[in-house]
1. For the structure I just gave you, tell me whether residue 244 is surrounded by fewer than 17 Cβ atoms within 10 Å (Cβ to Cβ), more than 13 Å from residue 74 (Cα to Cα) and at pLDDT below 95.
2. Is there a residue in the stretch 62-72 that is in contact with a helix residue (DSSP H, G or I) (Cβ under 8 Å, 6 or more places away or on another chain) and either closer than 20 Å to residue 219 by Cβ or not in a helix (DSSP H, G or I) (or both)?
3. Could you tell me whether residue 128 is in contact (Cβ under 8 Å) with a residue 24 or more places away in the chain and either under 18 Å from the mean Cα position of the chain (by Cα) or in a helix (DSSP H, G or I) (or both)?
4. Any residue at all in the stretch 155-170 that's assigned to a helix (DSSP H, G or I), under 18 Å from residue 398 (Cα atoms), touching a residue at least 24 places away in the same chain (Cβ under 8 Å) and over 21 Å from the mean Cα position of the chain (by Cα)?
5. Only one of these is surrounded by 21 or more Cβ atoms within 10 Å (Cβ to Cβ), outside any helix (DSSP H, G or I) and on the phi < 0 side of the Ramachandran plot: 412, 386. Name it.
6. If a residue has to be more than 18 Å from residue 254 (Cβ to Cβ) and surrounded by fewer than 24 Cβ atoms within 10 Å (Cβ to Cβ) to count, how many in the stretch 106-120 make the cut?
7. Of (1) within 21 Å of residue 238 (Cβ to Cβ); (2) at pLDDT 90 or above, residue 121 satisfies all except one. Which?
8. Could you pull out the residue among 455, 432 that is modelled with pLDDT of 90 or more, surrounded by fewer than 21 Cβ atoms within 10 Å (Cβ to Cβ) and out of contact with any strand residue (DSSP E or B) (no Cβ under 9 Å at 6 or more places or on another chain)?
C-alpha cells in the first residue's frame, strides 16, 4: 500500500486545472467511477493516487463496510419482522399504512440524506461521520426499546427518522471508501458488502422472533443494539479513505439533474424510480401475508429471513456475471422476471409451501438491483459527474421508497383483519411497477446497443478510409 501511495504522477498544468476541477465538483461517490482518483492539489499541482485494488488496508475497508451494512441495512431489511409485531402488539391500534410509513421513512432518509453525507465525507473524511452515524444507530434502537404502547410518534421518530439518519451516516461513507480502494475488483468488493446487509436481514428477524416471546420486545431490541455495537466499532476503526479530505463543502454538486438530457440516463432514472417504488414491499409485508394465510406466527416470522438469505447469492453472483456480460444484460432479465414472479406466483401463493417458495425466488431475483444500479450509472455518465448524478437517482429513490410502501399499506382497511382481495391490490401494484421498471431499463439497453453498433460502424468506415488514403499515397 505504501508503495502504491508513493507512486504518483504529476500532471501537466492544463491537466492539473481539469482534474482539480473534477475532484472538487463531484461528490465522494464519484470515486466508484474512476480507476485512478485525484488527490488534493499541493503547490498548484494535481497528483494521481491509483486505487490499490487490493491489499491489507483495502480488504480491511471491505470488512468494515460489511459490518456497517450488516448493522444498518441488516436491521432495515428486517423491518418486515418489526412491522408484523407492530401491527399485532406495540402499535396494534394504528393503521397498516401508518406502520408501513415508519419503514418507508427509514429508506427515504437513507437515500435522501446520502448525497449530503457524501459531500461531508468528501470534505472532512470519515473520522467524524462514521462515529456519529454509529452512535445514532445504537441510540435509535435503545430509544425504540423504551417506546410506549400505541405511541406512533415515538416509534416513528426513533425507528423511522433517527435510525434512518444514523444508517445514512454509516452506509454512505463506507460505501464510498470501498470505491476509493478498488477499481477492477470494485463490483466484487461491493457485492461482499451487500451480502453482509442480507446476512443482517436474515439474522435479525430470527433474533427478534425468538426473544420477543422470551424476554419481551424492549429487551429483544436492546439485544439487537448490543449486537451492532462491536460491528460498528470495528467499522469506525477499519473504514479509511484512500484520499485526503478536500475541505470543500459546497453542496451544489451533491446532485446533478443535467443527466436527464441524456436519454439512456433518463430511462435508467425512471426505471429506478419504478423499481424502488415497490422493491421493498415484499420485505415489509411477507410476514404479515404468511400470518394472514394461516401460517403459524412462529413460522411466518421467518419469511423475511428467507428473502434476505436468498439475496446473498443474488448480490454476489450477478456482480461477477456483469463483469463478463455487461450490467444491463444481467439486470434487465432479473427485474422483468421479478415482476412476472410477483404477478404470476405471489397472487396464487396461499399455502405455506408456496409462500416460502415465493420468498426464496423473490430474494434470488431481486437482490441484484441495488448492487448493479451504481455500476450502470458509472458506465453512462462522465467520471467527474458520476457522484452527483447517482445522487440524483438516489434522491428520486428516496421519494419512491417513501411513496411505494405507504401506498401499499393504504390498500388495507384494518391491520388486524386483512383479506386476500386487499393483498391482491398490493401484489398487482408491486408487479406492474416492477415490470414497468424492467421495461425502461430494457429500453436503455436497446439504446446502448444501438449506439454501440453505430460507433463500431463509424470506426470501421474510418479505418476503411484510412486504408484507402494510405494506398493512394
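1. Yes: the conditions hold for residue 244.
2. Checked against the condition, which is being in contact with a helix residue (DSSP H, G or I) (Cβ under 8 Å, 6 or more places away or on another chain) and either closer than 20 Å to residue 219 by Cβ or not in a helix (DSSP H, G or I) (or both), the stretch 62-72 yields at least one hit.
3. no
4. Checked against the condition, which is being assigned to a helix (DSSP H, G or I), under 18 Å from residue 398 (Cα atoms), touching a residue at least 24 places away in the same chain (Cβ under 8 Å) and over 21 Å from the mean Cα position of the chain (by Cα), the stretch 155-170 yields at least one hit.
5. Just one listed residue meets the conditions, 412.
6. Looking only at that region, the number is 0.
7. Here residue 121 meets the rest and fails (2).
8. Sole residue among the options that is modelled with pLDDT of 90 or more, surrounded by fewer than 21 Cβ atoms within 10 Å (Cβ to Cβ) and out of contact with any strand residue (DSSP E or B) (no Cβ under 9 Å at 6 or more places or on another chain): 432.
The values are calculated or read from the model by the stated rules, or taken from the named source; none is laboratory data. In this text, all values refer to a predicted model and were calculated from it rather than measured experimentally. When we count neighbours, we look across all protein chains shown, and the Cβ atoms used for this are built from the backbone with ideal geometry, even at glycine.
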